[in-house]
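Encoded as structure tokens, the structure appears first; notes follow it.
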Amino acid sequence: MKTSRPIRARISPAALLHNYRLAKQHAPQAKAWAVVKADAYGHGLWRAVQTLRNEADGFALLETENGIGLREAGVTQPILLLEGIFSSRDARAVVEYGLTTVIHCTEQLKLLVAAVDCDKPLKIYLKLNTGMNRLGFTAEELPSVLETLRQLPQVELTLMTHFAEADGERGIAWQQERFKAMLGNLQGQVSLANSAAILRYPASHADWVRPGIMLYGASPFAEQSARSLGLQPVMALESAIIGVQTLAKGDRVGYGGTFTAERPMRIGIVACGYADGYPRHAPSATPIAVMGQRTTTVGRVSMDMLACDLTYIPEAGIGSPVTLWGQGIAGEVPADEVARAAGTIAYELFCALAARVTLELVTA
Ligand SMILES: *Cc1c(COP(=O)(O)O)cnc(C)c1O
């Protein structure tokens, strides 16, 4: 819904394309799944797919319904279901629509075997648990899985695993070793790398990489900025000042009065709150931009509004543009910085963007 309330998430297709190409430059020998789960990390599934339609080697998401939707919209690239199938209906859809599915447990394998249709080719990603301990087969389970798969000669197998600490100190070598040991002399394509591994560990690129967060222009690393990685922010969350207050020393702001003015201040009230997806945990002093200048939030974020310091932006008033995060008309505030201030990661900020926020395309 396009609203007259000024909050907008402006999406830059050019930045998304740039970031996808950057992922490909880092992994030139590999094919890349554009990970568009969670409504393309809050950026809008359909537009993300439209933008990458002529470039992405494949699209990865979660819901079978969305996979079918992309097929029906004419997407011909491989489509990967990252959590696999949830029902026999899903299994039949995988066969019928030529989707590629993860298989991470014997229950899923059974569903798939039951749905297999004569000799129609079938592509599966066999997920191995190499230490993340979330999904995937163990070394002990693998032989019987492979035995079952031998009954399905039409299956094209890719072996995959997921790294738990590609962005951290422990790295990926320990998981790679376990993966290799599990593979033995098994033949098939291999897919390992998320954004962090794409950027940090070229030796992990293998046949298919799986960039997610980097496509949207945020950094997978706590200690490295998106800009320093050459990424461009795709989403700019923008709104406007809808109220102005003049505070005397000692006045408080917002619910709970968590902020007290230590000097006379001028503050602006922004039409953006936690019901828009802005994190309620963002404390006073979270970065924000108004009319091209960086300033900070003050007081608690409420459902529909938050406050910011305008003391040193005297030209700002009602109607002045505000950038909550991204590269917006009111300035640049990396989503990673807002996330850090709020004790979270940009992934969560993007995905939590509320449906009531209009997504608007930035054209050139
Ligand atoms: C979400 C996801 C990715 C993408 O991870 P990023 O850290 O966003 O790059 C890759 N692989 C799998 C299996 C995922 O679920």
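The values are calculated or read from the model by the stated rules, or taken from the named source; none is laboratory data. Please read these numbers as outputs of a predicted model, since none were measured by experiment. We place every Cβ from the backbone using ideal geometry, glycine too, and count neighbours over all the protein chains shown.
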Self-check item: Count of residues meeting criterion [among the aliphatic types (A, V, I, L, M) and either surrounded by 24 or more Cβ atoms within 10 Å (Cβ to Cβ) or touching a Gly at 6+ places or on another chain (Cβ under 8 Å) (or both)] in region 53-84
Solution: 6
Quiz item: Is it true that some residue in region 215-223 is exposed (fewer than 15 other Cβ atoms within 10 Å of the Cβ) and in contact with a Leu (Cβ under 6 Å, 6 or more places away or on another chain)?
Solution: no
Quiz item: Residue check: is A203 under 15 Å from the mean Cα position of the chain (by Cα) and not assigned by TED's automatic domain parsing to the domain that holds A289?
Solution: no
Quiz item: In region 334-364, how many residues are without any contact (Cβ under 8 Å) to a residue 60 or more places away in the chain, of a type outside the set (V, I, T) and within 19 Å of M303 (Cβ to Cβ)?
Solution: 1
Exercise. Would you mind stating whether G243 is loosely packed, with under 15 Cβ neighbours inside 10 Å, modelled with pLDDT of 95 or more and in the same structural domain as M291 (by TED's automatic domain parsing)?
Key: yes
Quiz item: Could you list, in sequence order, the residues of region 195-207 that are in contact (Cβ under 8 Å) with a residue 40 or more places away in the chain and either buried (at least 24 other Cβ atoms within 10 Å of the Cβ) or near the ligand (Cβ under 9 Å from one of its atoms) (or both)?
Solution: S195, I198, L199, S204
Quiz prompt | Unique residue being under 25 Å from M1 (Cα atoms) and surrounded by fewer than 23 Cβ atoms within 10 Å (Cβ to Cβ) when the list is A335, A346, A342, A355 | solution = A355
Quiz prompt | Residue identified as within 18 Å of L159 (Cβ to Cβ), among the acidic types (D, E) and either out of contact with any Cys (no Cβ under 8 Å at 6 or more places or on another chain) or modelled with pLDDT of 95 or more (or both) among E72, E107, E83, E96 | solution = E83
Exercise. Give the residues of region 331-356 that are small (G, A, S) and within 16 Å of the ligand (Cβ to nearest atom), sorted by residue number.
Key: A335, A339, A346, A352
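Here's the yes/no breakdown for (1) closer than 18 Å to S191 by Cβ; (2) buried (at least 17 other Cβ atoms within 10 Å of the Cβ); (3) in contact with a helix residue (DSSP H, G or I) (Cβ under 7 Å, 6 or more places away or on another chain); (4) modelled with pLDDT under 95:
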position	(1), (2), (3), (4)
H26	yes, yes, yes, no
A30	yes, yes, no, no
A34	yes, yes, yes, no
L45	no, yes, yes, no
T51	no, yes, yes, no
Quiz item: Could you list, in sequence order, the residues of region 89-111 that are acidic (D, E) and either over 18 Å from N66 (Cβ atoms) or assigned to a strand (DSSP E or B) (or both)?
Solution: E107
Practice problem: Tell me which residues, restricted to region 121-140, are among the β-branched types (V, I, T) and either more than 24 Å from G58 (Cα to Cα) or assigned to a helix (DSSP H, G or I) (or both). | Solution: T130, T138
Self-check item: Selected residue (criterion: farthest from the ligand (Cβ to nearest atom)) from residues of region 124-175 that are aromatic (F, W, Y) and under 22 Å from L81 (Cβ atoms)
Solution: F137
Practice problem: Would you check if L183 is in contact with a strand residue (DSSP E or B) (Cβ under 9 Å, 6 or more places away or on another chain) and more than 16 Å from the ligand (Cβ to nearest atom)? | Solution: yes
Exercise. Taking R178 as the residue in question, decide whether it is of a type in the set (K, R), within 27 Å of R340 (Cβ to Cβ) and either out of contact with any Phe, Trp or Tyr (no Cβ under 7 Å at 6 or more places or on another chain) or more than 9 Å from the ligand (Cβ to nearest atom) (or both).
Key: no
Quiz item: E72 versus (1) under 20 Å from L192 (Cβ atoms); (2) of a type outside the set (A, V, I, L, M, F, W, C); (3) away from the ligand (no atom under 13 Å from the Cβ): which is the lone unmet condition?
Solution: (1)
